[in-house]
Structure formats: C-alpha cells, structure tokens
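Here is the structure we will look at, set down as structure tokens.
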Amino acid sequence: MSVDLAASGLASIVPALPRGVRLRFDESRQQWFLLGPERVFEPDDTAAEILRLIDGTRSVEAIAQDLAGKFEADPAEIAADVMAFLRDLAGQRMIDL
Amino acid sequence: MSRAETLNRPASTHPLPPPPMGLLAELTHRCALRCPYCSNPLELDRRDRELPTAVWKRLLDEAAALGILHVYFSGGEPMLRPDIAELVAHARDVGLYTNMITSGVGFQPAALDAVAEAGLDHIQLSIQAMDAETCDRVGGYAGAWQRKHMVAADIARLGLRLTVNAVIHRENAHQTKDFVQLAEDWGAARIEIAHVQYYGWGIVNRARLMPTRQQVERAMADVEEARARTAGRLVIDCVLPDYYARYPKACMGGWGARLMNISPAGVALPCHAAQTIPGLAFDTVQERSLSDIWYHGAAFNAFRGTDWMQEPCRSCARKDLDFGGCRCQAMALAGDASATDPACSLSPLHKQIVALAEAEAASHRSDFIYRGFQGAPKPQAERQMVPLQADRP
Ligand code: SF4
Ligand code: SF4
C-alpha cells in the first residue's frame, strides 16, 4: 500500500461525538446504538469498534493504528475506511470532524 | 368475526414483536398556543387528570427496561410541567435519549437552563410562519413569533442540539425555503418540514389548511433544492402531505411496531389519534406495565402485522412497506379502520379524497377553529364519504 499514513493529515483530524449524539450499549438487544435527533444508527461490529474509540482526543490516525493492531491489518487501508465511514456520519451531523 | 372481535383478538395469534424504539410522553395537554392543526385529541385531558411525577418516573424506568431508546417529552407544552427538569434528568439516568418538543411559549427562560443542565439531548422548537403576523395568528397567541426567536437564542447560548419544526399548510407553504434559512440562522442541525397531517384538530380545520397541489409540488421542489444547498450542514426531514401522494406513509413506522404514546392521563396508545377508532380497548399505565401493554395489549395487537388487511392491501406488494397507511385516517375517511388508507392511490376512495382536497384548497377559508379545552365541533366532511363504502369492491 503506497499511502503514507504519517503524511496523510489524518493525525490532525480528531473526531468527536457532538452534543445530542450518544453511543450506548443496549442490554435488551445486546447491541450498540448511535443515537441522535430522530436517528437510530445500528453499527455493525467494526463500526462499533470505531465509534467506541472516538473520545474527542484520539485522531483518525490513532484510531486506525489501534484497529490495525487489533485486526492485524494495514493501518493506511484501515484509515481510509475509517475516514469514509466518519465522513458519511458527519454528513448526517452524527459526528464532528 | 365481528368488528369488536377483529379488533380485540388475543395476542397469541401473533409472534411477539420486537421491543419499541421510542416513547412519546405527552406530559400535558396544556399549551399557550392554540394551533388549528394540533395532533392532540379534540377532547383534551385537563390538568387534574395529568399523571404525577412519580408515575412518569416509573414509566421511564419501565421504558428503559423494555428496550426503548428515545423518549420524546411532548404535549401540549411539556415545559409547563414544573417537574420537567426532574423528568429529563431521570430519563438520562436510566439511559434514554431525551428529546423535547416545545412551542417555546409560556415558560420562563430559567426553565430552559434547568432542562439543559438536566442533560437534555435534543430540543425541537416549532415555528408557525416566517412572518410575525401569520405566526401569531396560526398559533392563536400574540407575541409568539418574537418569543420563539428569543428562545432560539437561548437554545444557541446553551449549546443544545436544535431541530426546527415547521408545520406546513396553505398559509405558509410558500415559505419553505425561508424556514430552511431560518434553521441555519438559528444554528439548528436539523429541520422538519412537516406538512399537516389531518387528524385531531387538523381534520376539523382541513378546509382552512389544505394546500393546493401546485403549492405542494413547489414546496417539495424547494426542499430538494435546499437539501442540495445545505448538504452536510443541515439535515432536512420532510413529512409529505399524503392526500396528494401516490402511496400513504407508513404511519408510526407500523402499528405497534416502533412507538408507544402515553397520554397525559396515562392511556397507552399505538398512535396519538388511536382513540378515534371505535371498539379498541386501551390500557392505562396505572393498571398495566408498559411491557405488558406493548406485548399483550389488545389495542397494540389490533393492527399488528398484515392479517387484518382487506383488499387492495391484502394482495399488494407494498403491504410490508407502508402497512396499508394510517388506521386513523382510514377510520376518518372510509369509516372503517381496517380499510386501505384513502390517501393511497389504489384505494377506491382515493379519487374522491383528492377531489375533496382540491375543493377545500380552493375554498380560501381562514376562519380557524382554534385548539382548546372547549373542544370542537366534530368534523362534518367525512360523513359524506361513508355512504360511498357501498361502491367498494
Ligand atoms: S401543535 Fe400548537 S397547540 Fe398543539 S401542542 Fe403544539 S404548540 Fe401547542
Ligand atoms: S394498497 Fe395498501 S399496501 Fe398497497 S400501497 Fe396502498 S395502502 Fe399500501
């Protein structure tokens, strides 16, 4: 993979859950939910992993490194996926980038 | 099967549905405004019938345990309840996502600070029109427009997540684009462009509110244009006016499928107009738990699934998409709650409904019958529809 993660600028992008958006685990369904105004987003396992790493201080790069370690995958590739996922949520105002 | 048997058949004929997603907590029917399209019933619950704080807290506990994710504090005007901040805090404590649907009128600014401090997640502020004159006349309250602008500033100061609720009808449909701009100016992340739904007070005032087809088409085009312009900044959700639509909306996401509505006096309803359907037996939260009502209540089971349907719904490919439309609208317009919603173009009554809408839209009436505890004359127009049942296949 030719993408240089360090040079990608993703170290400076720090995603955060805005006020009015909450991630929670629902015991009755045994499932994570991202809740917002009139929105119930049901993340799959990978998406839930990403969302749980968002704390308003970790950068996209740090999140990708973390996940790459966990899934033994290429961090640059993961970073691209994470970024696409977050952009989509940001477009729905469910996350701040 | 008689009508009553069909409506109240036991839950055992259905597999258990999934848990509900949302609880509509109608804390009070009191409201400073008197909107002529209010979705509340014509006979409003008076203050002395409202559930006390302790019962609402128990309901919030039960809701969370049942798997409900969102609670919507609404009414009437939920901010008129002196215990509103306490209830918001309690809902947060048990893990619920808290929404408040407010008119912005009739309470002190400090009350808003209190609910923000209590952890309110999301507030929806209504606006009746862009201009003060129409806004105050539709809401039936002098000074409402100005007050709403002040509340919007308070919401921004408090950093609360805001949705602007614009209810659309003949008198303000041309302001659709401006409502979107207002939402942006107020710092909202979302706007609801919600065309009036004709139940409750809306059906009483239908001739005064029904837009023309041209107005609706224009308003829809304005929404599309605004969506393109504000993509990524503003979420625009649109509730379509269904008399002119081809297919009806999936009311409440399906009967007894996603939402529970609790009236101020504690009646559990599958939708806010459900009490207009004769023969349905409703449970109260004083007598049964939310879970028991959701899974086993007769009213919640009455129109679950598709077994109750008649033709053309019964053999229609869309029946799992829109569930045959709205049961209350079928009741109001066809005189039969299990009929196809006449808003559907496949309903044998549809042409007459459209003709009625067009005639009413051209009537130029603006003598609103305001919502209030005095009640309203029962709507007359629908009775003309009922004899037409004889023509149905
Ligand atoms: S629709 Fe109007 S009258 Fe009805 S509760 Fe809302 S603000 Fe009050
Ligand atoms: S016939 Fe019934 S199921 Fe089919 S589109 Fe119309 S309302 Fe929906």
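Laboratory data are not the source of any read-out in this text; all were calculated from the coordinates shown. Here the structure is a predicted model, which is why all the values come from computation and not from measurement. Here the Cβ is made from the backbone with ideal geometry for all residues, glycine too, and neighbour counts use every protein chain on show.
Note on A:ALA62/A:ARG24: beta-carbon distance plugged into 1/(1 + (r/R0)^6) with R0 of 30 Å gives a FRET efficiency of 0.85.
Once the cut-off is 17 Å, how many percent of the Cα-Cα pairs in region A:6-97 end up in the long-distance tail?
Working: 1944 of 4186 pairs.
Distances greater than 17 Å cover 46 percent of the Cα pairs.
Approximating the spin labels as points 7 Å out from Cα along Cα→Cβ, the B:ARG233-to-B:LEU321 distance works out to 3.4 nm. Each residue of region A:39-45 is assigned a 3J(HN,Hα), and the resulting list reads 10, 10, 9, 9, x, 6, 4 Hz, derived from the Karplus form 6.51 cos²θ - 1.76 cosθ + 1.60 (θ = phi - 60°), x at Gly and Pro.
If I take R0 = 25 Å and measure r between the Cβ atoms of B:ARG46 and B:GLN108 in this structure, what FRET efficiency does the formula 1/(1 + (r/R0)^6) give, to the nearest 0.05? It would help to have the intermediate numbers written out before the result.
Details: r = 23 Å, r/R0 = 0.92.
Approximately 0.60, to the nearest 0.05.
Would you mind working out the magnitude of the charge dipole of region B:287-352 relative to its Cα centre, with +1 at each Lys and Arg C-beta and -1 at each Asp and Glu C-beta, to the nearest 20 Debye?
Details: 7 positive and 8 negative charges, 31 e Å.
Charge dipole, region B:287-352, about its Cα centre: 160 debye, nearest 20.
Structure remark: mean-square fluctuation, Gaussian network model of chain B, C-alpha springs under 10 Å; the largest value among B:TYR199, B:TYR37, B:TYR295 belongs to B:TYR295. With a Cα-only, solvent-free Debye model of the protein assembly as shown, what are the log10 I(q)/I(0) values at q = 0.06, 0.10, 0.13 Å⁻¹? Result of the Debye calculation: -0.29, -0.81, -1.33. Bridging of B:LYS177 to aspartates and glutamates at a Cα separation below 14 Å is possible for B:ASP131, B:ASP185, B:GLU192, B:GLU217, B:ASP222, B:GLU224, B:GLU225, B:ASP237, once same-chain residues fewer than 8 apart are set aside. Computing FRET efficiency as 1/(1 + (r/R0)^6) for B:ILE369 and A:ALA73, where r is the C-beta to C-beta distance and R0 is 60 Å, gives about 0.40.
Taken residue by residue and averaged, Cβ atoms of other chains lying within 10 Å of the Cβ of A:19-29 number 6.
State the extension gain, in nm to one decimal, for the chain segment bounded by B:THR284 and B:ARG58, taking 0.36 nm per residue of separation less the distance between their alpha-carbons. The partial results should precede the final answer.
Working: separation 226, 0.36 × 226 = 81.36 nm, distance 1.35 nm.
Result: 80.0 nm gained on full extension.
Here the Gaussian network model covers chain B, with springs between Cα atoms less than 10 Å apart; of B:ARG229, B:ARG161, B:ARG34, B:ARG229 fluctuates the most. Projecting the Cα atoms of B:HIS90, B:PRO17, B:LEU240 onto the charge dipole of chain B (Cβ charges, centred on the Cα centre) puts B:LEU240 farthest toward the positive pole.
Can you give the helix-only mean residue ellipticity at 222 nm for chain B, where every DSSP H stretch with n ≥ 4 adds -39500 (n - 2.57) and the sum goes over all residues, rounded to the nearest 500 deg cm²/dmol?
Numbers: 15 runs with 134 residues, N = 393.
Roughly -9500 deg cm²/dmol at 222 nm, from the helical runs in chain B.
Note on chain A: with charges restricted to the Cβ of Lys and Arg (+1) and Asp and Glu (-1), its dipole about the Cα centre is near 520 debye.
List the GluC sites (Glu not before Pro) within region A:1-91 that fall in a DSSP loop (any state other than H, G, I, E or B) and whose Cβ has at most 10 other Cβ atoms within 10 Å. Could you put the intermediate results ahead of the total?
Details: sites: A:GLU27, A:GLU38, A:GLU49, A:GLU61, A:GLU72, A:GLU77; in loops: A:GLU27, A:GLU38, A:GLU72.
Those that pass, being in a loop and sparsely packed, are A:GLU72.
Once both labels are positioned 7 Å from their Cα atoms along Cα-to-Cβ, the gap between A:ASP55 and B:ALA132 label points is 5.1 nm.
So, counting K/R as plus one and D/E as minus one, what does the shell of residues with Cβ under 11 Å around B:GLY256 add up to? Neighbourhood net charge equals +3. The value of relative contact order for region B:133-263, using C-alpha pairs under 8 Å at least six residues apart, is 23 percent. The relative contact order of chain B comes to 21 percent, based on Cα pairs under 8 Å that sit 6 or more residues apart.
Shielding of A:31-40 by partners, i.e. mean partner chain Cβ atoms within 10 Å per residue? Each step should come with its number before you reach the end.
On the way: counts 1, 0, 4, 0, 8, 8, 16, 11, 6, 6.
If you average over the peptide's residues, the count of other-chain Cβ atoms is 6.
What net charge is computed for the residues neighbouring B:SER366, neighbours being all others with C-beta under 15 Å from the C-beta of B:SER366, Lys and Arg scored +1, Asp and Glu -1? My count for the surroundings of B:SER366 gives 0. A Gaussian network model of chain B, with springs between Cα atoms under 10 Å, assigns the largest mean-square fluctuation among B:GLU358, B:GLU224, B:GLU171 to B:GLU224. Just add up the charged neighbours of B:ALA245: K/R +1, D/E -1, any other residue whose Cβ is under 12 Å from the Cβ of B:ALA245. After counting each charged neighbour, the total is -1. For chain A, the 222 nm mean residue ellipticity estimated from helices alone, with every DSSP H stretch of n ≥ 4 adding -39500 (n - 2.57) and the total spread over all residues, rounds to -12500 deg cm²/dmol.
Each of B:HIS296 and A:GLU38 was given a label point 7 Å from its Cα along the Cα-to-Cβ line. The distance between the two points is 3.6 nm.
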